[in-house]
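The values are calculated or read from the model by the stated rules, or taken from the named source; none is laboratory data. Fair warning: this is a prediction, and the values are worked out from it, not measured in the lab. Positions of Cβ are generated from backbone atoms using ideal geometry, with glycine treated the same way; all protein chains shown enter the neighbour counts.
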């Protein structure tokens, strides 16, 4: 079944929720994850957030996402391919992403982990434009691959 047909059949939000549950379950089954691995994951997320602010959201995703990393909007697909298929924004810093991981877990083997936390988007060109708060962003990593789910 193709990714598009799978997404149509099950819905992107349901798929994203299922992925998050699987990641959480896998991480929870390996208690005692090394503190250093979790800190490395948080450091990587903060690096992404910094690059999104300094270089733009698109550039940050292209830099930090695994080449075969999957996103779920509007359905599962390779994020890099999706980003490169769209033209780059004329002003990459017009939209500001405010993201910071608030919680996370890493498996004992340090090969699987996730972070989650609130994020918002703001129009940098219009100080009076309302910030668009979002619920949460969840990022999981398995080895060097990265997957994002946004709820």
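Descriptive notes on the structure:
Here is a yes/no grid of residues against (1) surrounded by 15 or more Cβ atoms within 10 Å (Cβ to Cβ); (2) modelled with pLDDT under 90:
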{"site": "34", "(1), (2)": "no, yes"}
{"site": "55", "(1), (2)": "no, no"}
{"site": "60", "(1), (2)": "yes, no"}
{"site": "69", "(1), (2)": "yes, yes"}
{"site": "84", "(1), (2)": "no, no"}
{"site": "89", "(1), (2)": "no, no"}
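- Qualifying positions in the range 95-125 - within 11 Å of residue 41 (Cα to Cα), in contact with a helix residue (DSSP H, G or I) (Cβ under 8 Å, 6 or more places away or on another chain) and surrounded by fewer than 14 Cβ atoms within 10 Å (Cβ to Cβ): none
- If only residues of the range 53-93 that are assigned to a loop (DSSP other than H, G, I, E, B) and in contact with a strand residue (DSSP E or B) (Cβ under 7 Å, 6 or more places away or on another chain) are counted, the one that is farthest from residue 120 (Cα to Cα) is 68.
- If you go through the range 38-53 and keep only what is over 15 Å from residue 112 (Cα atoms), buried (at least 17 other Cβ atoms within 10 Å of the Cβ) and touching a residue at least 24 places away in the same chain (Cβ under 8 Å), you end up with 48, 49, 52.
- Any chance residue 46 is within 30 Å of residue 125 (Cβ to Cβ), part of a helix (DSSP H, G or I), out of contact with any helix residue (DSSP H, G or I) (no Cβ under 8 Å at 6 or more places or on another chain) and at pLDDT 80 or above: yes
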